[in-house]
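Working notes for the structure below.
Bear in mind these aren't lab numbers, they're just calculated from the coordinates by the rules spelled out. Just so you know, these numbers come straight off a predicted model, no measurement behind them. No Cβ is skipped: glycine too gets one built from the backbone with ideal geometry, and neighbour counts run over all protein chains shown.
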Amino acid sequence: MEKSLVINPDKCTGCLQCEMACSYENEGVFNPSKSRIKVFTFHQEGRFVPYTCTQCSDAWCQHACPVDAISLNLVTGAKEVNDSSCVGCKVCTISCPFGTINYNQSSGKVIKCDLCGGDPKCATACPTQAITYIDANQTGMDKMRKWASVTDNTSTNTSANA
Amino acid sequence: MSWTGKILRINLTSGDITTEVLNEQWKKEYLGSRGLATKYLTEEIDPACDPLSIENKMIMATGPLTGTMAATGGRYVVVTKGPLTNCVACSNSGGFIGAEMKSAGWDMIIFEGKSPEPVYLYIENDKAELLPADEIWGTSVWSTDEWLHNKHQDPSLRIAAVGRPAENGCLYAGIVNDLHRAAGRSGVGTVMASKNLKAVAIRGTLGVGNLADPAGFMKAVNEGKAVLADNAVTGQGLPAYGTQVLMNVINEIGALPTNNMQDVQFDGAHAISGEAMSEPRKSDGRTNLTTNAACFGCTIACGRISTIDQGHFSVKNKAKYWGNSGGLEFEAAWALGADNGVNDLDALTYVNFICNEDGFDPITFGATVAAAMEMFEAGDLTLEDTGGIEFNFGSAEALTQSVELVASGEGFGQDLALGSKRLCEKYGRPELSMTVKGQEFPAYDPRGIQGIGLNYATSNRGACHVRGYTVASEVLGIPEKTDPLTAVGKPGLVKAFQDITASVDSSGLCLFTTFAWSLENIAPQIQGACGSEWTVDYLLEVGERIWNLEREFNLKAGITSADDTLPARLKEEAAKTGPAKGLVSQVEAMMPEYYQLRGWGEDGIPTDETLKRLSLKG
């Protein structure tokens, strides 16, 4: 079963445990600036939003790479960067519509989320379940359930944000 | 290891910036952060110096766990001699700048001398430079933050800055980081501004590692996170209501100081409580609280993010304050609210915003306004003195006008900027200042919670709850319940809390973890990061050593046992209502036993034997 990272910003507190877990897994140090997942703070609105690669099926980064350094992991569905092939040309960073693949100055390669080989450390580290790793075919279930709970056959109720 | 082993030394007088290696011996004796920075300060300045003179130094320090994945490992401290107390000052802050400093490669930054012109320090990993701050001098913390982010075109830059009151000599100005976290107490911001240093802006991308036992560290960290999540206080109460979960609790046990500590219960407590922050407002249907928020690495997330009702008188036509910002914590809500008899939640939130925007301590500010109100009602302060403001208890208008005057340094704001001790002396009523060693009390009345009174009286930075939070035991039953109304057994409790706290503060962790964690949970995390020698017993020894080091500093600064006491009101005027009705603080009865347990003489001076036992004397 393929699984996906699912992000619920409403539950995020901005603690950066995900960024530390990611950088520790990939770089061996706690270093948010080298994390593949980033939490953005919208101060005026009082919102925290974690953001990372969604592993497109038909991936712009993969198509754009001139040296075929980005490949599909058939088990996890992740698009993974092969460091020995990557030449650091950054074309993938231009082609990705979401900005979730980025250049790393210290290695001269690009870095992106690879789902930690099927055990994403960001999801494990998150203390509020703002980041979960679930069945890729079921990522909308929680939202559907929430809307279903306020739906009846007598009126139109749009207060599903509770 | 976890320390970077590197110190940045900034000589503001000459502009010289040098690096040095962390003292290995002191690191083993003092751990980091509060302990280690106090050791450096003690070695480098004369404790008797004028805190606002060129002789004083200011140290920003991280702990070995700062910047790691240990839950709450984002704390940093500012250690200096404080102008409010003339004692050692150590103000601790969360947010994100501590971890950023560590990730830039620095355990500590030592500031000395005074810059001839306003400057700010810009750090990008190994690169550090002093840059002109003329354009931001005379502006608020929030303006400074915006200006620096724009100038450096770097949204990831972490910034700590002082506001206008610090520049104007307000004695309780703090250093605000990440817009609404603060090294808030004892006037550390005033010291920073006295050196013509406006801000510190840091970008660190090196990361924090160098763990002694990586696998052991991660195991201890994960176990610690599970304990925090399962605990009722750290897993439920604090995330839901923040520290404001305490407002109704402390009021009910009759220990919520009210109207400048004349009373111990406040009729309006619920209206300014954490529960009230989550109730929809009548006007716009929104709640005061938008969301909770975490500091770096914190899995508790007690921070409050709030809005003010746009129709409230305090923010009418001031769109700048209509968005979200740091909301009320319990100490601020108490000092601004109950202690002034003000039950207007929006007004308190506005005043708190201004304290953050311009960088001053809402506890001391609120308690100073309370003293002004009592003097005004007694006729010691006149309308002429206050510039026409009616300082009556319960007046939200007097409170909001006061905060604006302290922020701008105008009119009666100059008197309020002195703190209550000097204000009350100036107007002939010194006994109305509710302070120890010049610093105002936090939100727990020593008549209703006996142990905390002894902690206030003996705290090395003046009245302070986070030097030995016996409220945990006396009210919440953590780690075990003691009777808040009795003095029996409290000297030992106070000493234990003070020593453990000094140790936790020196690790880079947040004290709030100790609602759920004992040193048995903390030691394995420090051991994983720093080495197996950091056992529970050794951490207790380190805590006691730090406490005595601070005491030695204060004694050399001129403090005596006569300063280890509470205002007469708390020792003579009994609580009028609630469970503590009829009681006064028994602080003086507790003091001999406390001195004895500390290994101090009857004069409050550590004996030679104690100093030798703690390696404070050869």
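Starting from the Cα of B:Gln153, step 7 Å along the direction of its Cβ; do the same at A:Ser106; then give the gap between the two resulting points in nm.
In this crude label model, B:Gln153 to A:Ser106 measures out at 2.5 nm.
In whole Hz, what ³J(HN,Hα) sequence does segment B:504-511 give by Karplus (6.51, -1.76, 1.60; θ = phi - 60°), x for Gly and Pro?
4, 4, 8, 8, x, 8, 8, 4
Going by a ≥ b ≥ c, the root eigenvalues of the Cα gyration tensor, does segment B:261-336 fall in the rounded group (a/c under 1.5), the prolate group (a/b larger than b/c) or the oblate group?
Oblate.
Just report the Cα centroid separation between segment B:246-269 and segment B:573-618, whole Å.
Here the answer is 26 Å between Cα centres.
Within segment B:122-205, report the GluC sites (Glu not before Pro) that DSSP leaves as loop and that have at most 13 other Cβ atoms within 10 Å.
When the GluC sites (Glu not before Pro) of segment B:122-205 are filtered for loop state and at most 13 Cβ neighbours within 10 Å, B:Glu135 remain.
With the Cα gyration tensor of segment B:6-203 giving a ≥ b ≥ c as the square roots of its eigenvalues, does the rule (a/c under 1.5 for rounded; else a/b larger than b/c for prolate; else oblate) give rounded, prolate or oblate?
Cα axes put segment B:6-203 in the rounded bin.
Would you mind counting up the charge near A:Asn8? Only other residues with Cβ under 15 Å from its Cβ, with Lys and Arg at +1 and Asp and Glu at -1.
+3
Is there a simple number for the mean count of other chain Cβ atoms within 10 Å of the Cβ of residues in B:176-182, and what is it?
1
Need one value for B:221-229: mean number of C-beta atoms belonging to other chains within 10 Å of its residues' C-beta atoms.
Going residue by residue through B:221-229 and averaging, the value is 1.
Using only Cα atoms, locate the centre of segment A:80-117 and the centre of segment B:542-566, then give the distance between them in Å, rounded to an integer.
Distance between centres, Cα-based: 55 Å.
What is the order of B:Val536, B:Val200, fewest Cβ neighbours within 10 Å to most?
B:Val536, B:Val200
For segment B:472-541, compute Rg over Rh where Rg is the Cα radius of gyration and Rh is the Kirkwood radius from the inverse mean 1/r over Cα pairs.
On the Cα set of segment B:472-541, Rg over Rh gives 1.01.
For A:His43, A:His63, what's the fewest-to-most ordering of other Cβ within 10 Å of each Cβ?
So the residues, fewest neighbours to most, are A:His63, A:His43.
So how do B:436-448, B:153-165, B:477-489 stack up, highest first, on mean other-Cβ count within 10 Å?
Sorting B:436-448, B:153-165, B:477-489 by mean packing, highest first, produces B:436-448, B:153-165, B:477-489.
Using the alpha-carbon centroid of each, what span in Å lies between segment B:94-123 and segment B:317-385?
A separation of 30 Å, based on Cα centres.
Do the alpha carbons of any pairs in A:Lys143/B:Lys219; B:Lys316/B:Lys426; A:Lys34/B:Lys198; B:Lys437/B:Lys612; B:Lys198/B:Lys320; B:Lys151/B:Lys320 sit beyond 25 Å of each other, and which pairs?
A:Lys143/B:Lys219; B:Lys316/B:Lys426; A:Lys34/B:Lys198; B:Lys437/B:Lys612
Toward the positive end of the charge dipole of chain B, about the Cα centre and with charges on Cβ (Lys, Arg +1; Asp, Glu -1), which of B:Ile605, B:Ile308, B:Leu476 goes farthest?
So the residue we want is B:Leu476.
What do you get for the angle between helix A:17-27 and the principal long axis of chain A? Use alpha-carbon atoms, 0 to 90 degrees, nearest ten.
The angle comes out near 20 degrees.
Taking neighbour counts of Cβ atoms within 10 Å as a proxy for exposure, in what order, fewest first, do A:Tyr51, B:Tyr321 appear?
Taking fewest neighbouring Cβ atoms as first place, the list is A:Tyr51, B:Tyr321.
Would you please classify the overall shape of segment B:445-613 from the alpha carbon gyration tensor, given that a ≥ b ≥ c denote the square roots of the eigenvalues, rounded means a/c under 1.5, and beyond that prolate means a/b larger than b/c while oblate covers the rest?
Here segment B:445-613 falls in the oblate category.
So, with +1 on the Cβ of K and R and -1 on the Cβ of D and E, and no other charges, what is the size of the charge dipole of segment A:2-159 about its Cα centre, to the nearest 20 debye?
Dipole size: approximately 280 debye.
Using only DSSP helix segments of four residues or longer, with each worth -39500 (n - 2.57), what per-residue ellipticity at 222 nm results for chain B after dividing by its residue count and rounding to 500?
Rounded to the nearest 500, it is -10500 deg cm²/dmol.
Check which residues have an amide H placed less than 5 Å from B:Phe360's amide H, if you skip close sequence neighbours.
B:Gly174
What's the FRET efficiency of A:Asn137 with A:Asn82 using the Cβ-Cβ distance as r and R₀ = 22 Å, to the nearest 0.05?
That gives a FRET efficiency of 0.20.
Put a dot 7 Å past each Cα toward the Cβ at B:Asn222 and B:Ala574; how far apart are the dots in nm?
For the pair B:Ala574/B:Asn222, the computed spacing is 5.8 nm.
Would you mind telling me the antiparallel percentage of the DSSP bridges in the protein assembly as shown, rounded to 5?
That works out to approximately 85 percent antiparallel.
Taking the dipole about the Cα centre of segment A:55-112, with the C-beta of Lys and Arg at +1 and of Asp and Glu at -1, give me whichever of A:Cys56, A:Thr76, A:Asn104 is farthest to the positive side.
A:Asn104
In peptide A:40-48, what is the residue-averaged number of other protein chain Cβ atoms found within 10 Å of each Cβ?
6
Which value in deg cm²/dmol, rounded to the nearest 500, describes the helix-derived mean residue ellipticity at 222 nm for chain A, given -39,500 (n - 2.57) per DSSP H run of n ≥ 4 and division by the residue count?
Rounded to the nearest 500, it is -5500 deg cm²/dmol.
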